[in-house]
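Comments concern the structure below.
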Amino acid sequence: MTTIQEVRAEIEEIDREMIELIHRRVGLAEKVLESKQKEGMQINDTGQNHVVLDRAVDSATERNLDTSSVKEIFEILIRMNIERQHELSGEGNLP
Ligand SMILES: O=C(O)C(=O)C[C@]1(C(=O)O)C=C[C@@H](O)C=C1
């Protein structure tokens, strides 16, 4: 039988992986901002937000996960990316 320590060690490993993935995702803000500035695009792209959120909800549905919770997580991830792009463009935390 698995001990609580073993399960917690597994949870910790997953948490570390998630932090690394969040770090990678936010790290792409610089590249995406550069492309947007070249193309004269706005930082907040509501159409793309929908694409990302719909994709996350579809994946969550396939795995029988709570879709509204997964959607909230991805809304936070998008917000973090938008905030980072504003920081990088020297605008601070504008909406
Ligand atoms: O794809 C982009 O244009 C991004 O800037 C990335 C991202 C995201 O985090 O997925 C963030 C902001 C945009 O509103 C849309 C999507």
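Taking the range 1-37 as the range and being of a type in the set (S, T, N, Q) and within 25 Å of Ile78 (Cβ to Cβ) as the test, the residues that pass are Ser35, Gln37. No other residue among Glu30, Glu17 is surrounded by 10 or more Cβ atoms within 10 Å (Cβ to Cβ) and either closer than 29 Å to Gly90 by Cα or in contact with a Leu (Cβ under 6 Å, 6 or more places away or on another chain) (or both) apart from Glu30. Just one residue in the set Val32, Val52 is more than 13 Å from the chain's Cα centre (by Cα), at pLDDT 95 or above, hydrophobic (A, V, I, L, M, F, W, C) and within 13 Å of the ligand (Cβ to nearest atom); that residue is Val32.
If the condition is being among the basic types (Lys, Arg) and either over 17 Å from Met80 (Cα atoms) or within 9 Å of the ligand (Cβ to nearest atom) (or both), then the range 1-29 contributes Arg8, Arg16, Arg25.
The values are calculated or read from the model by the stated rules, or taken from the named source; none is laboratory data. Since this is a predicted model, take the numbers as computed values, not measurements. For neighbour counting, all protein chains shown are included, and Cβ atoms are generated from backbone atoms with ideal geometry for every residue, glycine included.
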